[in-house]
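Okay, so here's the structure we're looking at.
The values are calculated or read from the model by the stated rules, or taken from the named source; none is laboratory data. Values in this document were obtained by computation on a predicted structure and should not be read as measured data. We place every Cβ from the backbone using ideal geometry, glycine too, and count neighbours over all the protein chains shown. Just so you know, the surface numbers come from the protein's heavy atoms only, side chains and all, with ligands and any DNA or RNA stripped out. Shrake-Rupley method; radii C 1.70, N 1.55, O 1.52, S 1.80 Å.
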Amino acid sequence: MKKTMIALAALGAMAGAAHAQSNVTMYGVVDMFVGESTTKTNFGGVPFNAVLPNNTTVGATVNTMVKNGMSLNSGGLSGSRWGLRGSEDLGGGLKANFQLESSISADTGASTGFTRTSKMGLSGGFGSIEMGRQYTQLFLLMDSFDAQGTSSFSATNAIFGTSLQAAFGNIGVAIPGANAASMPQAPAVRWDNSLLYTSPNMGGFTGAVQYAFGENGTPGASAGRSIGLSAAYTIGSFAVQGVYETVKRPGAGAGSAKSTGLGASYDFGMAKVLGQFITQKDGYVNGLKENGYVLSVAVPLGSAGSLNAGMGGENIKNATSGVKLAKTSSYGLEYRYDLSKRTTLYAGMTQVKTKLAAPLPAGDTTDKLYGFGMRHKF
């Protein structure tokens, strides 16, 4: 009986230890700001035919100023979200991991399914292998090498994100001689159906290979198939990363969109300086090629505050002829104050200006955003 009791106690202890080696954590971010955005479109007295965002066709001088008024918005510094992540120790340094993350419109309470991140995988001394919906390598570079990250007030978001697409939408003009599918492209934030291998840190060097299945269901087609490669090196206060991505485009005769990114940063203590350069080619005959850069700086102010600023620009050309079609310029400015490790107050502003060149009609559009808010992490 005594031996039986000892054996049962040992089994109970082992079961408790095994349970302790598994964990699941709920986490999230709630971020809201009060802001105002404005859009100004100016074609300098040059008449042309265009379709404005309200689908009104005009054939005369277009000069407009649209103020959207003050509003409460979700996601000033970071997208509001909630999620679950966990791991299980399988022994021998091997772990099984998962993460499920859903976006939240914090100002309305609306939420999606796990459309931000949905992945699982294994990690160990070999690095990690993950599968599912996850961040692309180019987006991670963009977010890492901007002092403002990819916040709503960052130059990176304005130059490479949806702000540029909005600017072209405000202009509402077709690109002469270009493929109808061509439009300034925002690099993908995440890829569905992707496999990702990330190497362990080897003396400051890390590498990653990512592959996303197209899964379009058409025999012999590979539209949507994506490949990403990343190499990064960090030593002391210096960091550098290079990324290359290809995405197979849909449509007869379409090739692959290709993107190349290079980012670098150095922390001087009194300020951290960051830079990134990105090129994109959309993969269509008579498509577009975009070359852009962002330079930024983060300056600590006291023990809890920081001033972050950035500026950038981009040239948009016909990929076949090399003819310059448009030029954009942007700047962003933020002040952040940490009330604690989890709660931050902030104020920010950003502007992106797009100016057209021949053969497009002479003109430009300017989008501005101002706001102040609070972010809380849990």
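Structural remarks
- In the context of the full protein assembly, Ile104 retains an accessible surface of approximately 40 Å², using a probe radius of 1.4 Å and ignoring ligands and nucleic acids.
- Solvent-accessible surface (1.4 angstrom probe) belonging to Leu196, in square angstrom, nearest 10: 20 Å²
- The Cα center of segment 92-109 and the Cα center of segment 298-364 differ in position by 29 Å.
- Among Gly69, Trp82, Leu138 the positive-end extreme of the charge dipole of segment 66-152 (Cβ point charges): Gly69
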